[in-house]
Amino acid sequence: MTTAQHLAVIERLRARAFPARRGPSDVGTSGPGYHLAELARGGGPGDDDGTRRADEADQFDAEHAALAEILTLRFGEPWYMSTWSVQVRGGEGEEIPEPWRELSGGPRFLYLWRVEDRWLAVGLAEADEERPFRLLAVVTATDPP
């Protein structure tokens, strides 16, 4: 997908009503008060010498940065949110609302914008030995924890 296509998905999610129950959507998952979209997914770990993975990391970093830059032009300077503390708090038994609980296991940080009565967040879940890169976007009415 291109940055323009990512923006089109985000705009559709911003306009879409939230469902009463959690379930799959055409671009990811939606539930009461949120939409979580996987804008792009990498190929995952490969059997090459690491070159493909490094190239993919560069590509995803560039897509993430371009998307954040355009959203900043549209909606102003973002907040920056580390997901580490949310993951720790959830691990200690604190009830973390969706979509923040799910996001705490993905991107290390999120860019956040408050747009009208909803939050918009984008983040890059980095690949590891078992999971591919994923560029994520969230539209939610639930305040960050």
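The values are calculated or read from the model by the stated rules, or taken from the named source; none is laboratory data. In this text, all values refer to a predicted model and were calculated from it rather than measured experimentally. Neighbour counts are summed over all protein chains in view; Cβ atoms, including those assigned to glycine, are modelled from backbone coordinates with ideal geometry. The accessibility values were calculated without ligands, DNA or RNA, using every heavy atom of the protein model including side chains. Shrake-Rupley method; radii C 1.70, N 1.55, O 1.52, S 1.80 Å.
Is one or more of the residues making up the stretch 59-76 open to solvent by less than 30 Å² (accessible area, probe 1.4 Å), aromatic (F, W, Y), closer than 17 Å to L136 by Cβ and part of a helix (DSSP H, G or I)?
So far as the stretch 59-76 goes, yes, one or more of its residues are open to solvent by less than 30 Å² (accessible area, probe 1.4 Å), aromatic (F, W, Y), closer than 17 Å to L136 by Cβ and part of a helix (DSSP H, G or I).
Criterion first (modelled with pLDDT under 90, part of a loop (DSSP other than H, G, I, E, B) and not aliphatic (A, V, I, L, M)) does G46 satisfy it?
Against the criterion (modelled with pLDDT under 90, part of a loop (DSSP other than H, G, I, E, B) and not aliphatic (A, V, I, L, M)), G46 qualifies.
Hey, among E38, E11, which residue is of a type outside the set (A, V, I, L, M, F, W, C) and in a helix (DSSP H, G or I)?
So the residue among E38, E11 that is of a type outside the set (A, V, I, L, M, F, W, C) and in a helix (DSSP H, G or I) is E11.
How about the stretch 115-127: which of its residues are over 8 Å from the mean Cα position of the chain (by Cα) and closer than 26 Å to T2 by Cβ?
V115, E116, R118, W119, L120, E126, A127
Got at least one residue in the stretch 78-90 being under 24 Å from L7 (Cα atoms), of a type in the set (A, V, I, L, M, F, W, C) and out of contact with any Asp or Glu (no Cβ under 8 Å at 6 or more places or on another chain)?
Looking through the stretch 78-90, at least one residue is under 24 Å from L7 (Cα atoms), of a type in the set (A, V, I, L, M, F, W, C) and out of contact with any Asp or Glu (no Cβ under 8 Å at 6 or more places or on another chain).
From the list R101, R114, which one is part of a strand (DSSP E or B) and surrounded by fewer than 22 Cβ atoms within 10 Å (Cβ to Cβ)?
R114
Looking only at the stretch 83-93, how many residues end up being open to solvent by 20 Å² or more (accessible area, probe 1.4 Å) and in contact (Cβ under 8 Å) with a residue 12 or more places away in the chain?
4
For the stretch 49-99, enumerate the residues that are of a type in the set (G, A, S) and within 22 Å of L39 (Cα to Cα).
Listed by number, the residues that qualify are A54, A57, A62, A65, A66, A68, G76, S82.
Given the conditions (1) outside any loop (DSSP other than H, G, I, E, B); (2) of a type in the set (D, E, K, R); (3) surrounded by 15 or more Cβ atoms within 10 Å (Cβ to Cβ), which single one is not true for D55?
Every listed condition holds for D55 apart from (3).
Give the residues of the stretch 1-28 that are surrounded by 10 or more Cβ atoms within 10 Å (Cβ to Cβ) and among the small types (G, A, S), sorted by residue number.
A8, S25, G28
Based on this model, can you work out whether Y80 counts as open to solvent by 50 Å² or more (accessible area, probe 1.4 Å), in contact with a helix residue (DSSP H, G or I) (Cβ under 6 Å, 6 or more places away or on another chain) and farther than 22 Å from G23 by Cα?
no
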